[in-house]
Amino acid sequence: MKPPAASQEAAQRLFLEYLAVEKGLAANTVQSYARDIGKLADFLKARRVALARVSEETLASFIQGESRAGLSARSMARLVSALRSFFRFCALSGFVRQDPTARLTTPSTWLTLPKFLTVDEAGALLQAPDAAKPRGVRDRAMLEVLYGAGLRVSELASLRRDDVNLADGFLLCRGKGGKERIVPLGRSACDAVRRYLAEARPLDDADEREELFLSRRGRPFTRQGVWKMLRDHAARSGLAAKISPHVLRHSFATHLLERGADLRSVQLMLGHSQITTTQIYTHVSRERLRRVYDRFHPRA
């Protein structure tokens, strides 16, 4: 059935509604798609190209322009994925007659390796909060859970008290698209959370809140609040230039694989729907092995 208005704006609005309602994608993922499709909309408007007249050549020109602007290989791959999903939706909804992305290839991303901390760097970061103060006790617990469970920043911020089982050492995580997964939690993280609940959280006077981690005002953390907390402690530990919440997630996966964890288990703990997403961490380990070999083997 053809929609009443075959415009770029109508197609984009209905596509984002489709992603959120029918596909059930997380709000952050929908926002990423919206940004990518928005870039395309600006590109088409500047060149006065109607949505129905977009061709493979048009998209190739758009992608090349984004590449020249410095978009990373990983961001390029996400952009191509967004274009494919959008035009597949447009073709099925009658906004375009043919899908111009049918032969569009995805740039290789395996060379874009994720940044991660060494074990010593991760340890220094976890020790940065001042555990003599309630705020430091809370921040230590947040960092321990972020690194100890490999959570995304949004997953940490939305974690509830009932989601954490300290007796058995695991937590229930609600990830992208509302998918739930069980993640083990180590002794160090469990001890830090116990201390936070016993010493720091009651000071927030917010016992009615479901969220585990609260700000000094007794409110749930935002993504930006977690980022700020992490940056403050990273600066104290000398890691400000290479830190982000996702770097701790990358470190979690890398350190597990380097110590012999199997890829499938790491995939489940990270909440990746496809194991190919997790495989990038094997490249990290291989590159480190290569460096060790080149440095120490006499015939390297």
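The values are calculated or read from the model by the stated rules, or taken from the named source; none is laboratory data. This one's a predicted model, so the numbers in the text were calculated from it and none came from an experiment. Ideal geometry is used to build each Cβ from the backbone, glycine not excepted, and the neighbour counts take in all protein chains shown.
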Taking Val80, is it part of a helix (DSSP H, G or I), without any contact (Cβ under 8 Å) to a residue 24 or more places away in the chain, among the β-branched types (Val, Ile, Thr) and not assigned by TED's automatic domain parsing to the domain that holds Val153? no
In this structure, does Leu25 turn out to be under 30 Å from Ser158 (Cβ atoms), in contact with a Gly (Cβ under 8 Å, 6 or more places away or on another chain) and of a type in the set (A, V, I, L, M, F, W, C)? yes
Working carefully through the options Arg161, Arg174, Arg231, find the one that is closer than 21 Å to Ala122 by Cβ and basic (Lys, Arg). Arg231
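On the given criteria, is Arg223 crowded, with 21+ Cβ neighbours inside 10 Å, among the basic types (Lys, Arg) and within 24 Å of the chain's Cα centre (by Cα)?
So Arg223 does not fit the description; no.
Against the definition (of a type outside the set (Lys, Arg) and either more than 30 Å from Ser158 (Cα to Cα) or more than 25 Å from the chain's Cα centre (by Cα) (or both)), how does Glu9 come out, yes or no?
yes
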Out of curiosity, is Val164 β-branched (Val, Ile, Thr) and modelled with pLDDT of 95 or more? yes
Out of Arg138, Arg181, Arg195, I need the residue that is of a type outside the set (A, V, I, L, M), in contact with a helix residue (DSSP H, G or I) (Cβ under 8 Å, 6 or more places away or on another chain) and within 17 Å of His272 (Cβ to Cβ). Which one? Arg181
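Residues checked against (1) more than 16 Å from the chain's Cα centre (by Cα); (2) assigned to a loop (DSSP other than H, G, I, E, B):
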| residue | (1), (2) |
| --- | --- |
| Pro114 | no, yes |
| Ala124 | yes, no |
| Val137 | yes, no |
| Arg140 | yes, no |
| Glu155 | no, no |
| Gly177 | no, no |
| Ile182 | yes, no |
| Asp191 | yes, no |
Please go through the stretch 275-289 and pick out each residue that is at pLDDT below 70 and either charged (D, E, K, R) or surrounded by 11 or more Cβ atoms within 10 Å (Cβ to Cβ) (or both). His283, Val284, Ser285, Arg286, Glu287, Arg288, Leu289
Neighbours by Cβ (under 7 Å, 6+ apart or cross-chain): first from the stretch 218-235, closer than 17 Å to Arg152 by Cβ; second polar (S, T, N, Q) and assigned to a helix (DSSP H, G or I): Arg223/Ser154
